[in-house]
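Colleague: Following this message is one structure expressed as structure tokens.
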Amino acid sequence: MIIVMKSKATKENIESVVDKLHKYGLEAHLSTGKQVTIIGVVGDKAVLSNKNMELLPGVDKLVPITETYKLVNRKFTEKNTTIKIKDVIIGGSNFTMIAGPCSVESEEQVYNTAQYLHESGIKILRGGAFKPRTSPYSFQGLGEEGLIYMKKAAKDFDMLMVSEVTSIRALDIAEPYLDIIQIGARNMQNYELLKEVGRTHKPVFLKRGLSATIDEWLNAAEYIIRENNSKVILCERGIRTFETATRNTLDISAVPVVKAKSHLPIFVDPSHASGVKDYIIPLARAAVAADCDGLMVEVHPHPEQALSDGAQALTPIDFTELLRQIKPIVNIMGRNIT
Ligand code: PEP
Ligand code: MN
């Protein structure tokens, strides 16, 4: 439920509503707009059934919220969330590129990739150290060693780093290295892991589950925000459909739908969505035009030698072409690339 205050409501009116909610064991989340203040109520709202909250001074109306997610809900917070990480701001009028290899494979590989990306103006480096592979016989990632290589590259080129954690154990190891914690598609509904990343208070890059509905995805984000970590970035990375020509099907409509339902920033990953190098640039163009807040793409200096996802890796030359093609669209969308 949200409580919409009258435009003339005083600070005291608002405080007294909040006090009442606390008294009934409910949480109050204030959203102060230009015209009115909205108070989001979290908890078992049944306790309010006979309390006549609408009669309190300054209250305009009570609006029920049918969705199970509250804190990520646009109805709770009208304004888009922006997330500041050192000198990078995600969301708002910024368009943020995240790029790097699928997996960190060697010190040299991640260093060379980071150098090239830095020279292209990219500020966030991706790279997997704990890899969630379909086959247990496939390369599983270098673990902490990979994070050490990545950290050196990120430090030397003044980049932020994002990497996936696949378990609470991996989180304990990886957290000190990371600027942004990635939760991959396969773990989107690992609720214990979501709670733990929420408790770190570091920004979280939450990918959509392979077969997750948008509501399930937003509920996953709610798990993180409930732990008082509001820094969640959503990422559409393709979903399972009957189509086999691409690895997944990019649900481009997720971008406007998420923007309507939530105030959180939303990215698109055209690499995992398509699985095919040649389709990445067209999908990236479409994603920018759909008004996403940024892209995550996989880049490898030698895709033919990649230990994971080589077929979808862009070479540095391809990546330069991607940037060239999306820049005018980013500008048309009223954004600047960061
Ligand atoms: C990744 O980004 O490395 C990855 C494994 O992606 P996803 O979780 O979307 O499959
Ligand atoms: Mn990958």
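The values are calculated or read from the model by the stated rules, or taken from the named source; none is laboratory data. This one's a predicted model, so the numbers in the text were calculated from it and none came from an experiment. For neighbour counting, all protein chains shown are included, and Cβ atoms are generated from backbone atoms with ideal geometry for every residue, glycine included. Calculation scope for accessible area: heavy atoms of the full protein, side chains included, ligands and nucleic acids excluded. Shrake-Rupley method; radii C 1.70, N 1.55, O 1.52, S 1.80 Å.
Colleague: Could you check which residue among K20, K11, K123 shows the biggest mean-square fluctuation in a GNM of the chain with a 10 Å Cα cutoff?
Modeller: Per the Cα network of the chain with a 10 Å cutoff, K11 tops the list.
Colleague: Something else now. State the antiparallel share, in %, of DSSP beta bridges confined to the chain, rounding to the nearest 5.
Modeller: Just about 40 percent of them are antiparallel.
Colleague: Rounded to a whole number, what % of the accessible area of segment 1-72 do carbon and sulfur atoms account for, probe 1.4 Å?
Modeller: 52 percent
Colleague: While we're on this one: Can you give the relative contact order of the chain as a percent, counting alpha carbon pairs under 8 Å and 6+ residues apart?
Modeller: Once normalised by length, the contact order is 16 percent.
Colleague: Short version: ³J(HN,Hα) in whole Hz for each residue of segment 61-74, in order, from phi by Karplus 6.51 cos²θ - 1.76 cosθ + 1.60 (θ = phi - 60°), x for Gly and Pro, what are they?
Modeller: 7, 10, 10, x, 10, 7, 5, 7, 8, 10, 5, 8, 6, 4
Colleague: Kindly provide the helix-only [θ] at 222 nm of the chain, computed as the sum of -39,500 (n - 2.57) over DSSP H runs of four or more divided by all residues, to the nearest 500 deg cm²/dmol? Display every interim value, and only then the final one.
Modeller: On the way: 10 runs with 112 residues, N = 338.
When only DSSP H runs of four or more count, the value is -10000 deg cm²/dmol.
Colleague: Enumerate the calculated ³J(HN,Hα) couplings along segment 40-48 in order (Karplus 6.51 cos²θ - 1.76 cosθ + 1.60, θ = phi - 60°), each rounded to whole Hz, writing x wherever the residue is Gly or Pro.
Modeller: Coupling constants for segment 40-48: x, 10, 10, x, 7, 6, 4, 5, 8 Hz.
Colleague: Moving on to the next point. When the Cα centres of segment 54-78 and segment 186-207 are compared, how far apart do they sit, in Å?
Modeller: Here the answer is 26 Å between Cα centres.
Colleague: With unit charges on the beta carbon (Lys/Arg positive, Asp/Glu negative), name the residue among A260, L322, G238 whose Cα is farthest towards the positive pole of the charge dipole of segment 193-337.
Modeller: The Cα lying farthest towards the positive end belongs to A260.
Colleague: Putting +1 on Lys and Arg Cβ atoms and -1 on Asp and Glu Cβ atoms, find which of S16, T37, N52 reaches farthest to the positive end of the dipole of segment 2-63.
Modeller: T37
Colleague: Ok, one more. Round to a whole number: what % of the accessible area of segment 83-337 belongs to carbon and sulfur, probe 1.4 Å?
Modeller: In segment 83-337, the share of accessible area belonging to carbon and sulfur is 52 percent.
Colleague: Can you tell which of I124, Y69, P136 lies farthest toward the positive end of the dipole of the chain, using +1 and -1 charges on the Cβ of basic and acidic side chains (Lys, Arg; Asp, Glu)?
Modeller: After comparing all options, I get Y69.
Colleague: Ok, one more. Give me the accessible area of R199, 1.4 Å probe, in Å² rounded to the nearest 10.
Modeller: Accessible area of R199: about 110 Å².
Colleague: Would you mind working out the accessible area per residue for segment 83-337, using a 1.4 Å probe, and quoting it in Å²?
Modeller: On the way: 10080 Å² over 255 residues.
For segment 83-337, the solvent-accessible area averages 40 Å² per residue.
Colleague: Shape of segment 83-337 from its Cα gyration tensor (a ≥ b ≥ c, root eigenvalues): rounded if a/c is under 1.5, otherwise prolate when a/b > b/c, or oblate?
Modeller: Verdict is rounded for segment 83-337.
Colleague: What distance in nm lies between label points placed 7 Å from Cα along the C-beta direction at S106 and Q305?
Modeller: Label-label distance for S106 and Q305, simple model: 0.5 nm.
Colleague: Can you work out the Karplus-derived ³J(HN,Hα) for every residue in segment 111-121? Use 6.51 cos²θ - 1.76 cosθ + 1.60 with θ = phi - 60°, whole Hz, and x for glycine or proline.
Modeller: 5, 5, 5, 5, 4, 5, 5, 4, 5, 8, x
Colleague: Of the peptides 92-103, 46-57, how do they stack up when ordered by the mean number of other Cβ atoms within 10 Å, highest first?
Modeller: Listed from highest to lowest mean packing, they are 92-103, 46-57.
Colleague: While we're here: What does the charge dipole of segment 213-331 about its Cα centre add up to, to the nearest 20 debye, if the Cβ of each Lys and Arg holds +1 and the Cβ of each Asp and Glu holds -1?
Modeller: 240 debye
Colleague: For segment 83-337, with only Lys/Arg (+1) and Asp/Glu (-1) charged at the beta-carbon, what is the dipole magnitude about the Cα centre, in debye rounded to 20?
Modeller: Charge dipole, segment 83-337, about its Cα centre: 560 debye, nearest 20.
Colleague: Same structure again: Can you give the net charge of the other residues whose Cβ lies under 11 Å from the Cβ of V72, counting K and R as +1 and D and E as -1? Could the numbers behind the result be given before it?
Modeller: Numbers: positive: K70, R74, K75, R226, K261; negative: E67, D215, E222.
That works out to +2.
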